[in-house]
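Colleague: Here's a structure for you.
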Amino acid sequence: MSEKITNLSKFTPKGALGQLFQKARTLNRLNEQLSVHLPEQFASLSLCTIENNTAIFVTDNQAIIFRAQKQNDILLNAVKQIESLIHIEKVVIKIDLKEY
């Protein structure tokens, strides 16, 4: 008989699902740390993944993407303020188009 899980914050599944949970927790911690270093104008950006020394952010605001692309150095410098992200060489911002 399986146990009833009431607190998912400590739930750690095994296998691929467990890896996804761990990655999500790591990204949540990084986003929390980044919120201190990001300029207010980029507050709606959310780090969604890190691939090949590239930090990939997502937002649902096209104006933020335009501003971030014009001020890429500011964003990259903010990312490099986090010790675990000092290896990042490039920042990419993507749009999150929500369909309702």
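Colleague: Looking only at the stretch 61-100, count every residue that is part of a loop (DSSP other than H, G, I, E, B), under 19 Å from Ser35 (Cβ atoms) and open to solvent by 50 Å² or more (accessible area, probe 1.4 Å) and tell me the total.
Modeller: Filtering the stretch 61-100 for residues part of a loop (DSSP other than H, G, I, E, B) gives 61, 71, 80-82, 86-89, 96-100.
In the following step, the residues that additionally are under 19 Å from Ser35 (Cβ atoms) were identified as 61, 71, 80-82, 86, 88, 96.
Filter again for open to solvent by 50 Å² or more (accessible area, probe 1.4 Å), leaving 61, 71, 80-81, 86, 96.
Residues in the stretch 61-100 being part of a loop (DSSP other than H, G, I, E, B), under 19 Å from Ser35 (Cβ atoms) and open to solvent by 50 Å² or more (accessible area, probe 1.4 Å): 6 in total.
Colleague: Name the one entry in Leu85, Leu38 that is in contact with a helix residue (DSSP H, G or I) (Cβ under 6 Å, 6 or more places away or on another chain), more than 23 Å from Leu97 (Cβ to Cβ) and not hydroxyl-bearing (Ser, Thr, Tyr). Break it down stepwise before answering.
Modeller: On the way: Leu38 fails: more than 23 Å from Leu97 (Cβ to Cβ).
Leu85 is the lone residue from the list that is in contact with a helix residue (DSSP H, G or I) (Cβ under 6 Å, 6 or more places away or on another chain), more than 23 Å from Leu97 (Cβ to Cβ) and not hydroxyl-bearing (Ser, Thr, Tyr).
Colleague: Could you give every pair whose Cβ atoms fall below 6 Å, whose first residue belongs to the stretch 69-92 and is without any contact (Cβ under 8 Å) to a residue 60 or more places away in the chain and within 18 Å of Val58 (Cα to Cα), and whose second residue is part of a loop (DSSP other than H, G, I, E, B) and open to solvent by less than 90 Å² (accessible area, probe 1.4 Å), counting only separations of at least 6 or pairs across chains?
Modeller: Here the result reads Ala78/Leu38; Val79/Ile88; Ile88/Asn53; Glu89/Asn53, each pair linking the stretch 69-92 to a residue that is part of a loop (DSSP other than H, G, I, E, B) and open to solvent by less than 90 Å² (accessible area, probe 1.4 Å).
Colleague: I'd like the full set of residues that are modelled with pLDDT under 70 and outside any loop (DSSP other than H, G, I, E, B), limited to the stretch 1-21.
Modeller: Leu8, Ser9, Lys10
Colleague: Under 7 Å by Cβ, and 6 or more places apart or on different chains, what pairs join a residue from the stretch 12-25 that is open to solvent by 70 Å² or more (accessible area, probe 1.4 Å) with one that is not small (Gly, Ala, Ser)?
Modeller: Once the first residue is open to solvent by 70 Å² or more (accessible area, probe 1.4 Å) and sits in the stretch 12-25, its partners that are not small (Gly, Ala, Ser) give Thr12/Phe21.
Colleague: On to the next question. Which residues, taken from the stretch 34-57, are more than 10 Å from the chain's Cα centre (by Cα) and in a helix (DSSP H, G or I)? Steps first, please.
Modeller: Step one: list which residues in the stretch 34-57 are more than 10 Å from the chain's Cα centre (by Cα), which gives 35-44, 51-54.
Answer for the stretch 34-57, where residues must be more than 10 Å from the chain's Cα centre (by Cα) and in a helix (DSSP H, G or I): Ser35, Val36, His37, Glu40, Gln41, Phe42.
The values are calculated or read from the model by the stated rules, or taken from the named source; none is laboratory data. Remember, it's a predicted structure, so these values are computed and weren't measured experimentally. Neighbour counts run over all protein chains shown; Cβ positions are idealised from the backbone, glycine included. With ligands, DNA and RNA removed, areas are computed over all heavy atoms of the protein, side chains included. Shrake-Rupley method; radii C 1.70, N 1.55, O 1.52, S 1.80 Å.
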